[in-house]
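> The structure follows.
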Amino acid sequence: MSKNAFVFPGQGSQFVGMGKDLYESNEIAKDMFERANEILGFRITDLMFAGTDEDLRQTNVTQPAIFLHSVIRAKLMGSEFNADMVAGHSLGEFSALVAAGVLDFEDGLKLVYQRAMAMQEACEIESGTMAAVLALADHKVEEICESTPGIVVPANYNCPGQLVISGAYAAVETACEAMKEAGAKRALILPVGGAFHSPLMEPAREKLATAIENTVFNDPSCPIYQNVTAKAETDKTIIKQNLVSQLTAPVRWTQSVQQMFHDGATQFTEVGPGKVLQGLVKKIAPEALVAGLQ
């Protein structure tokens, strides 16, 4: 039996003007955006609809902006949101949890904002970076990271042949040179603000753990395939634990989509800004049908 999977994007899918059409054309969307402005204490809608690219690249704006766009878009689907399973890429996991009823909208937004601020602070404590490695086997990337002095680890298993590494700047640079020598088509430092999904995010993980522990989680309406395990989870206690671990652990997106496809997902729908996940799913599970709701 074919199943519907809904997937939610993470940081990097933002664009100026995102969500403006929803705000102007739908009262439910407008109300949710205005509630978000109140909760956050600043008008994020002004930055989303008419800000600059630089505004939207700030972690404390990017994360709640993408979350809002995704969650509101899912809400407007109503009964058409007939998910048999959900997943989200990094930040997108919070959007997926709201869509699946694990978190309510306001709690989800508060956690996302606390996560963004904690990550920003962690970046200021110890700077780091990330790099995209193309056309090198995962196991080879892992081996090079392990043998490189300093902190550098696999961070995002995006799709076969595309793995992002993360860590201290010097270690990432050294690893990139080794990746090229080992046959990588490219090993490119990314324009990001820090070493996300690496041990350098430990201060942020500790802060987020407290916030998550103090937030009510409900049982999901369908399984969520979490980044840390790439497995279907329905136990809210385990979901909480995995959400905390996610900040310092790799995003196993390739493995998550492979498992969802193995478990019967034939239709993947990306809910939120951009088309990044649609492209990744096509590379991971070419036989699946892929669509997007922006």
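The values are calculated or read from the model by the stated rules, or taken from the named source; none is laboratory data. All figures in this text were calculated on a predicted structure; none of them were measured in a lab. Using ideal geometry, Cβ is built from the backbone for each residue, glycine included, and neighbour counts are taken over all protein chains shown.
> E206 passes all but one of (1) at pLDDT 95 or above; (2) surrounded by fewer than 19 Cβ atoms within 10 Å (Cβ to Cβ); (3) under 30 Å from V98 (Cβ atoms); which number fails?
Single failed check for E206: (1).
> Report yes if S70 is in a helix (DSSP H, G or I), closer than 20 Å to Q120 by Cβ and among the hydroxyl-bearing types (S, T, Y), otherwise no.
no
> May I pose another question? Yes or no: the stretch 125-140 includes at least one residue that is part of a helix (DSSP H, G or I) and at pLDDT below 95.
yes
> Let me ask something additional. Sort through A211, A230 and tell me the only one that's surrounded by fewer than 18 Cβ atoms within 10 Å (Cβ to Cβ) and not assigned by TED's automatic domain parsing to the domain that holds N156.
When all the criteria are applied, what remains is A211.
> Checking the conditions here, which among G92, G88, G108, G78 is under 27 Å from I44 (Cα atoms), in the same structural domain as P220 (by TED's automatic domain parsing) and free of Cβ contacts under 8 Å to residues at least 24 places away in the same chain?
Among G92, G88, G108, G78, only G78 is under 27 Å from I44 (Cα atoms), in the same structural domain as P220 (by TED's automatic domain parsing) and free of Cβ contacts under 8 Å to residues at least 24 places away in the same chain.
> A further question on this structure: Determine which member of the set D31, D107, D46 is under 22 Å from C222 (Cα atoms), part of a helix (DSSP H, G or I) and acidic (D, E).
D107
> What are the pairs with Cβ atoms under 8 angstrom where one residue, in the stretch 136-153, is over 20 Å from M201 (Cβ atoms) and the other, located anywhere, is among the basic types (K, R)? Sequence gap at least six, or different chains.
Once the first residue is over 20 Å from M201 (Cβ atoms) and sits in the stretch 136-153, its partners that are among the basic types (K, R) give L136/K185.
> Being among the small types (G, A, S) and at negative phi is the filter here; which residues of the stretch 41-59 pass it?
Across the stretch 41-59, the qualifying residues are A50, G51.
> Give me the pairs: first residue in the stretch 217-243 and part of a helix (DSSP H, G or I), second residue hydroxyl-bearing (S, T, Y), beta-carbon distance under 7 Å, and six or more apart or on different chains, which are they?
Here the result reads N242/T229, each pair linking the stretch 217-243 to a residue that is hydroxyl-bearing (S, T, Y).
> Give the stretch 162-194 a look and list any residue that's part of a loop (DSSP other than H, G, I, E, B) and modelled with pLDDT of 95 or more, or say none.
A168, A182, G183, A184, K185
> If you don't mind, another one. Please indicate, with yes or no, whether at least one residue in the stretch 9-18 is touching a helix residue (DSSP H, G or I) at 6+ places or on another chain (Cβ under 7 Å), of a type in the set (A, V, I, L, M, F, W, C), at negative phi and in a loop (DSSP other than H, G, I, E, B).
Yes: one or more hits.
> Looking at the stretch 36-50, is at least one residue touching a Ser or Thr at 6+ places or on another chain (Cβ under 9 Å) and at pLDDT 95 or above?
Yes, because at least one residue in the stretch 36-50 is touching a Ser or Thr at 6+ places or on another chain (Cβ under 9 Å) and at pLDDT 95 or above.
> From the list A87, A83, A100, A96, which one is in contact with a Gly (Cβ under 6 Å, 6 or more places away or on another chain) and either of a type in the set (G, A, S) or over 27 Å from H197 (Cβ atoms) (or both)?
Of the residues listed, the single one that is in contact with a Gly (Cβ under 6 Å, 6 or more places away or on another chain) and either of a type in the set (G, A, S) or over 27 Å from H197 (Cβ atoms) (or both) is A96.
> Restricting the search to the stretch 141-161, which residues are within 20 Å of T229 (Cα to Cα) and in a helix (DSSP H, G or I)?
V141, E142
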